[in-house]
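A.B. asks: Quick one: this structure, given as structure tokens, is what I'll be asking you about.
The values are calculated or read from the model by the stated rules, or taken from the named source; none is laboratory data. Keep in mind the model is a prediction, meaning the values are calculated, not measured. All Cβ positions, glycine included, derive from the backbone under ideal geometry; neighbour counts span all protein chains shown. Accessible surface is based on the protein model in full, side chains and every heavy atom, while ligands, DNA and RNA are left aside. Shrake-Rupley method; radii C 1.70, N 1.55, O 1.52, S 1.80 Å.
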There are 2 protein chains.
Amino acid sequence: MALAKIRLCVDQPLGAGQSVLLTEAQAHYLFGVMREGVGTQVLLFNGQDGEWLAEVSEAAKKRGALLCLAATRAQTVLPDLWLLFAPVKKARTDFIVEKAVELGVARLQPVLTEFTSSERFRRDKAEAHVREAAEQCGALALPAVEDAAPLSRVLAGWDPARRILWADESEAGAATTFAGLAPGPWAILIGPEGGFSETERTRLRALPYIRPVALGPRILRAETAALAAITLWQTHLGDWR
Amino acid sequence: MALAKIRLCVDQPLGAGQSVLLTEAQAHYLFGVMREGVGTQVLLFNGQDGEWLAEVSEAAKKRGALLCLAATRAQTVLPDLWLLFAPVKKARTDFIVEKAVELGVARLQPVLTEFTSSERFRRDKAEAHVREAAEQCGALALPAVEDAAPLSRVLAGWDPARRILWADESEAGAATTFAGLAPGPWAILIGPEGGFSETERTRLRALPYIRPVALGPRILRAETAALAAITLWQTHLGDWR
């Protein structure tokens with residue numbers, strides 16, 4: 001479900017008459033790959049100044065400039081939902097990042113758990129992935145991406161006002177339904193393929209701001225659980241209402 | 001979120017004292033890859049006879065046999081939800097198939113639309129993928145997989161009693177909410193990355209059993225729309241209630 005126009009995420013301020021420089025990669029994409037040139041109109045956003053219609057004023061092999069013509073959409077704010085997920089195999093982690101942008105989360109926090117299989121999480125790569133996904137899906141706001149951190153450390157500094165939806169089939173007995181959730185800041189916690197250790201479960205169960213949630217009778221992979229939980233949260237408390 | 005035991009999907013009947021032969025691939029996986037052997041207990045299912053605990057009675061390089069010991073779960077039936085989707089790039093099509101099994105659909109019908117980019121859909125590969133996904137996610141029932149067919153032909157032979165949820169952001173104005181959907185047989189229709197042509201839209205709009213549905217303010221990729229729509233249908237009408 002592609003967009004009519006090319007959308008580019010930039011780091012510079014956007015405004016009427018504002019001139020914007022492309023990165024080398026963006027110039028290569030726009031002029032080399034897409035074969036566009038001076039006069040081409042594209043949509044620009046930077047996560048802060050809304051979306052702007054801009055026209056290419058300079059097109060070179062490795063550089064390019066655009067001129068902001070008119071605002072097309074006002075800046076929006078993402079619903080206050082964070083996603084805490086244990087990095088899984090690269091393709092599936094990329095997938096979680098991409099889908100979190102499409103479905104809409106404000107912050108991505110990779111957490112390292114006892115059974116986390118892949119400890120390697122490249123924040124810079126994830127941030128680039130976030131921007132690409134936002135360009136594709138028409139998002140105006142970009143989720144923040146944190147460095148991977150041990151779950152225990154993340155929980156040690158946790159603000160109890162932000163409740164955590166814990167998607168874990170082993171907790172299904174205590175599960176609450178999304179319909180019953182109160183508005184406010186939330187986070188979704190998704191474990192690794194191996195689930196959480198008994199030590200981790202005991203600690204999580206004891207947290208006053210934890211809400212176990214069930215996601216159907218089948219066992220979902222980590223990335224599927226993340227997508228389903230975000231979708232349900234968005235329809236009940238987020239910007240899908 | 002892996003299962004405690006190895007689960008294998010077989011084609012033979014399952015029952016008390018029943019002996020089951022493994023395929024060459026299954027024997028290679030169980031004895032070669034997993035290094036299991038005679039006496040190992042695994043879970044078997046075939047989509048019809050529930051789930052059975054079985055013990056390896058013969059283990060060779062390319063063949064193996066198991067003996068059914070006891071039923072562990074009764075056969076379940078999938079909710080009556082079909083997924084009509086336009087095949088997209090291979091990795092994303094594989095993804096749709098895998099997630100449809102995890103989230104739970106009864107039938108997968110690839111549809112070829114005017115803007116369908118990849119017409120190649122290997123039904124045999126998809127069926128193998130369905131079995132793998134079912135082994136992973138603890139499913140007992142397997143979705144049927146149809147050959148890819150033109151959307152027009154699929155609609156020509158459509159039973160009007162089966163309503164179709166049409167996930168298409170361009171129809172958001174006419175969108176109904178999942179909460180308002182009546183029980184009964186349903187299908188979810190997901191377009192290709194390019195969306196539907198105006199001709200297709202006109203035809204779809206005119207169908208009495210079509211219900212446009214909105215999936216949030218961002219533009220979802222085909223596979224994301226499929227997952228989100230299945231998740232919401234399951235929580236309102238399916239086996240996630």
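A.B. asks: Would you tally the net charge around residue B:107, using a Cβ to Cβ cut-off of less than 13 Å, leaving residue B:107 out, and scoring K and R as +1, D and E as -1?
C.D. replies: For residues surrounding residue B:107, the net value is -3.
A.B. asks: List every residue whose amide H lies under 5 Å from the amide H of residue A:176, counting only residues 5 or more places away in sequence or on a different chain, with H placed 1.01 Å from N in the peptide plane.
C.D. replies: A:213, A:214
A.B. asks: In addition: Residue by residue, what Karplus-based ³J(HN,Hα) values in Hz, rounded to whole numbers, does the range A:90-101 have, using 6.51, -1.76 and 1.60 with θ = phi - 60° and x for Gly and Pro?
C.D. replies: Listing the rounded values in order: 3, 4, 6, 5, 3, 5, 4, 4, 4, 6, 5, 6 Hz.
A.B. asks: Restricting to chain A, what percent of DSSP beta bridges are antiparallel, rounded to 5?
C.D. replies: For chain A, the DSSP antiparallel bridge percentage is about 40.
A.B. asks: To continue, here is another question. Write out the trypsin sites (Lys or Arg not before Pro) in the range A:76-174 meeting two conditions: DSSP loop, and at most 11 other Cβ atoms within 10 Å of their Cβ. The partial results should precede the final answer.
C.D. replies: Values: sites: A:89, A:90, A:92, A:99, A:107, A:120, A:122, A:123, A:125, A:131, A:153, A:162, A:163; in loops: A:89, A:120, A:122, A:162.
Passing sites in the range A:76-174 are A:120.
A.B. asks: Can you list the residues, at least 5 places off or on another chain, whose amide H is less than 5 Å from the amide H of residue A:164, using H built in the peptide plane?
C.D. replies: The answer is A:187, A:210, A:211.
A.B. asks: Sticking with this structure for a sec: I'd like to check one number: the per residue accessible area of the range A:94-241, probe 1.4 Å, reported in Å² as a whole number.
C.D. replies: 38 Å²
A.B. asks: A follow-up question, please. On the protein heavy atoms, probe 1.4 angstrom, tell me the percent of accessible surface of the range B:1-74 carried by carbon and sulfur. Could the numbers behind the result be given before it?
C.D. replies: Working: 2050 of 3820 Å².
So the carbon and sulfur contribution to the accessible surface is 54 percent.
A.B. asks: Another question, if that's okay. Enumerate the calculated ³J(HN,Hα) couplings along the range A:18-31 in order (Karplus 6.51 cos²θ - 1.76 cosθ + 1.60, θ = phi - 60°), each rounded to whole Hz, writing x wherever the residue is Gly or Pro.
C.D. replies: The phi angles translate into 5, 9, 10, 8, 8, 6, 4, 5, 5, 5, 4, 5, 6, 9 Hz.
A.B. asks: Further question on the same structure: Out of the total accessible area of the range A:106-241 (probe 1.4 Å, heavy atoms of protein only), what percent is carbon and sulfur?
C.D. replies: Roughly 52 percent, rounded to a whole number.
A.B. asks: Could you put A:235, A:72 in order of accessible surface area, largest first, with the 1.4 Å probe and the full protein assembly present?
C.D. replies: Putting A:235, A:72 in descending order of accessible area: A:72, A:235.
A.B. asks: Counting only other residues whose beta carbon sits under 15 Å from that of residue A:180, what net charge do I get with K and R as +1, D and E as -1? Provide the component values of the computation, followed by the final result.
C.D. replies: Working: positive: A:163, A:211, B:241; negative: none.
That sum, taken over residues with Cβ under 15 Å, equals +3.
A.B. asks: In whole Å, what is the distance between the alpha-carbon centres of the range A:88-104 and the range A:196-241?
C.D. replies: 16 Å
A.B. asks: Looking at the protein assembly as shown, send over the antiparallel percent of its DSSP beta bridges, to the nearest 5.
C.D. replies: In the protein assembly as shown, DSSP labels about 40 percent of beta bridges as antiparallel.
A.B. asks: Counting each DSSP H run of 4 or more residues in chain B as -39500 (n - 2.57), what helix-only mean residue ellipticity at 222 nm follows after dividing by all residues, to the nearest 500 deg cm²/dmol? Don't skip to the answer; put the middle values down first.
C.D. replies: Working: 6 runs with 63 residues, N = 241.
That comes out to -8000 deg cm²/dmol.
A.B. asks: Another question, if that's okay. Counting only protein heavy atoms and rolling a 1.4 Å probe, how much accessible area do A and B lose on contact, total for both sides, in Å² to 100?
C.D. replies: Chains A and B together bury approximately 3300 Å².
A.B. asks: Within the set of other residues whose C-beta is less than 11 Å from the C-beta of residue B:28, count the net charge using Lys and Arg as +1 and Asp and Glu as -1.
C.D. replies: +2
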